[in-house]
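Q: Take this structure first; my questions come after.
The values are calculated or read from the model by the stated rules, or taken from the named source; none is laboratory data. No experiment lies behind these values; they were computed from the predicted model shown. A quick note on method: Cβ atoms are made from the backbone with ideal geometry, for glycine too, and the neighbour counts reach across all protein chains shown.
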């Protein structure tokens, strides 16, 4: 278990030369355009409304708790950060899902020599978009009740001190689920089975999600985070997880998952 964080960090280091290689360039341009639009919009909304939200909340608090302003800023900052990170991840990945699925596929082909018998055709794209939307709905249904519970904990005295830490850990876990999903889905691993597999290596997942989270806060570099994270996640699938599920993808029709 102690080596799991090093495996996650090593996957990102190995992802850099791959993500900028000529054969993968096609699958990088479309999500980059989506990144430009969504990053600008999310940061604009977040920065413009954060202070107004804090002023609104502070207006309902008695003067004698004003010394806790720093704690409220920390709690609400963590909550907004979690929402921002997950909204960014969901929004961009829905738009770029077909390209990221093919990116994960091409990385697996390049690293293992396995061939997926598909081209980038309209029918394949439609099938992948449908499956990607289904997976995103599964993630949202998984995310919402847990996020609401953590949000409620933020308002319980004493417990709210650890709420920001729990939110950050949960955000890292969700980012790990988000980017690991492409390689798992390409190989027909069900969402529940993927969660159980990732849960067996928590330090790896938290490290992976934490690296993504930190990278998303770096201006300009955050525009490249999504393809880098997908490549790194695919490398982890190959080196860590694939042996647990076998390698049956070559026997499957990727558009419907049947033998």
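Q: Tell me the residue from 198, 158 that is without any contact (Cβ under 8 Å) to a residue 60 or more places away in the chain and at positive phi, please.
A: Working: 198 fails: at positive phi.
Sole residue among the options that is without any contact (Cβ under 8 Å) to a residue 60 or more places away in the chain and at positive phi: 158.
Q: Answer yes if at least one residue in the stretch 112-127 is surrounded by 15 or more Cβ atoms within 10 Å (Cβ to Cβ) and modelled with pLDDT of 80 or more, and no otherwise.
A: no
Q: Would you check if there is a residue in the stretch 193-214 being surrounded by 13 or more Cβ atoms within 10 Å (Cβ to Cβ), at pLDDT below 85 and over 17 Å from residue 17 (Cα atoms)?
A: no
Q: State whether the residues of the stretch 21-29 include one that is under 20 Å from residue 214 (Cα atoms), surrounded by 12 or more Cβ atoms within 10 Å (Cβ to Cβ), at pLDDT 70 or above and in contact with a helix residue (DSSP H, G or I) (Cβ under 6 Å, 6 or more places away or on another chain).
A: We begin by selecting, within the stretch 21-29, every residue under 20 Å from residue 214 (Cα atoms); these are none.
No, every residue in the stretch 21-29 fails to be under 20 Å from residue 214 (Cα atoms), surrounded by 12 or more Cβ atoms within 10 Å (Cβ to Cβ), at pLDDT 70 or above and in contact with a helix residue (DSSP H, G or I) (Cβ under 6 Å, 6 or more places away or on another chain).
Q: Take the stretch 198-220 and flag every residue that is in a loop (DSSP other than H, G, I, E, B) and closer than 13 Å to residue 168 by Cβ.
A: Of the residues in the stretch 198-220, the ones in a loop (DSSP other than H, G, I, E, B) are 200-201, 217-220.
The answer is 217, and nothing else.
Q: Separate question: Residue under question is residue 128, and the condition is that it be farther than 27 Å from residue 206 by Cβ, in contact (Cβ under 8 Å) with a residue 40 or more places away in the chain and part of a helix (DSSP H, G or I); does it hold? Before the answer, list the steps.
A: Details: farther than 27 Å from residue 206 by Cβ: yes; in contact (Cβ under 8 Å) with a residue 40 or more places away in the chain: yes; part of a helix (DSSP H, G or I): yes.
Yes: the conditions hold for residue 128.
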